[in-house]
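Engineer: Structure provided below as structure tokens; questions to follow.
The values are calculated or read from the model by the stated rules, or taken from the named source; none is laboratory data. Since the model is a prediction, treat every value here as computed from it, not as a measurement. Positions of Cβ are generated from backbone atoms using ideal geometry, with glycine treated the same way; all protein chains shown enter the neighbour counts. Just the protein is used for accessible areas: all its heavy atoms, side chains included, with ligands, DNA and RNA removed. Shrake-Rupley method; radii C 1.70, N 1.55, O 1.52, S 1.80 Å.
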Amino acid sequence: MSKHSVLIYNIPILFDIFNEIKENFDFEIHNLKNLENINKDKFYNFIVLTDEKNSIKGIKNHLIIDKFPIRIKQIVEKINLTLLKQNFSSQSEIIIKGYNLNLNSREISKNNIYLSLTERETEIIMYLYNMKKPQSINTLQREVWGHNLDLETHTVETHIYRLRKKVAEKFKDEDFIVSFEDGYGL
């Protein structure tokens with residue numbers, strides 16, 4: 001796991017203070033003098049720490065310190081909380097066929113259009129995504145629902161039909177879940 005970085009933007013005195021006590025942090029600190037220095041390959045897990053005067057538009061992973069004076073301990077707590085939220089969020093979001101699937105909120109989105117999913121719908125999408133090839137109705141019934149193969153039910157077909165209908169209505173996408181000769185796939 002790569003280490004988190006805190007990029008301190010246009011607050012040189014705060015960088016100097018943090019640099020003096022950096023061995024106490026679970027993150028690396030860097031002095032950021034201009035926004036062009038943000039190398040997202042170098043700083044994979046990062047937040048930009050700045051004040052209201054130097055607030056940055058277009059960067060979602062930033063933390064603004066809006067009240068000075070502030071205790072260093074409070075800043076570190078805010079940093080750790082922001083990094084924790086960012087880590088949690090990044091582990092819960094998966095890109096599937098150009099859609100963003102958020103496992104925590106059970107929401108799928110594309111182009112600022114959001115669709116709420118049921119837990120079962122999320123499980124179906126994740127199972128098909130992880131399998132990479134079409135899955136038979138019996139396999140879905142067994143693996144997603146935990147049903148015995150001897151059961152005669154149309155549960156899988158009904159759920160797939162409803163999920164496809166929701167996606168088609170919301171995103172105008174008829175090909176999110178595709179029917180193949182040997183089952184369903186993404």
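Engineer: Ignoring ligands, DNA and RNA, what percent of the 1.4 Å accessible area of the stretch 135-186 is carbon and sulfur? All intermediate terms of the calculation are to be shown ahead of the outcome.
Structural biologist: Details: 1470 of 3300 Å².
Roughly 45 percent, rounded to a whole number.
Engineer: Among the chymotrypsin sites (Phe, Trp or Tyr not before Pro) within the stretch 1-107, which fall in a DSSP loop and have no more than 16 other Cβ atoms within 10 Å of their own Cβ?
Structural biologist: Passing both the DSSP loop test and the Cβ count: Phe25, Tyr44.
Engineer: While we're on this one: Checking a compactness column here: for the chain, what do you get for Rg(Cα) / (2.2 N^0.38 Å), N being the number of residues?
Structural biologist: Cα Rg divided by the expected 2.2 N^0.38 Å: 1.42.
Engineer: If the only charges are +1 at each Lys and Arg Cβ and -1 at each Asp and Glu Cβ, what is the size of the charge dipole of the chain around the Cα centre, to the nearest 20 debye?
Structural biologist: Values: 26 positive and 26 negative charges, 115 e Å.
The calculation lands at about 560 debye.
Engineer: Just flag the trypsin sites (Lys or Arg not before Pro) in the stretch 97-186 sitting in loop per DSSP whose Cβ has no more than 10 other Cβ atoms within 10 Å.
Structural biologist: Details: sites: Lys97, Arg106, Lys110, Arg120, Lys132, Arg142, Arg162, Arg164, Lys165, Lys166, Lys170, Lys172; in loops: Lys97, Arg106, Lys132, Lys172.
Here the sparse-neighbourhood loop sites are Lys132, Lys172.
Engineer: Say a site is exposed when it is one of the GluC sites (Glu not before Pro), sits in a DSSP loop, and has at most 11 other Cβ atoms within 10 Å; what is then the longest site-free stretch of the chain? Can you show the working numbers first?
Structural biologist: On the way: sites that count: Glu152, Glu174, Glu181.
Within the chain, the longest run free of exposed GluC sites (Glu not before Pro) spans 1-151.
Engineer: In addition: At most 15 other Cβ atoms within 10 Å and a DSSP loop assignment: could you name the trypsin sites (Lys or Arg not before Pro) in the stretch 1-95 that fit?
Structural biologist: On the way: sites: Lys3, Lys22, Lys33, Lys40, Lys42, Lys53, Lys57, Lys60, Lys67, Arg71, Lys73, Lys78, Lys85; in loops: Lys3, Lys33, Lys40, Lys42, Lys57, Lys60, Lys67, Arg71.
Here the trypsin sites (Lys or Arg not before Pro) that fit, given the DSSP loop and packing criteria, are Lys3, Lys33, Lys40, Lys42, Lys57, Lys60, Lys67, Arg71.
Engineer: Here is a further query. Cα gyration tensor of the stretch 39-98, axes a ≥ b ≥ c as square roots of the eigenvalues: rounded (a/c below 1.5), prolate (a/b > b/c) or oblate?
Structural biologist: On the way: a/c = 2.49, a/b = 1.77, b/c = 1.41.
In terms of gyration-tensor shape, prolate.
Engineer: Skip the ligands, DNA and RNA, and give the accessible area per residue of the chain with a 1.4 Å probe, whole Å².
Structural biologist: 64
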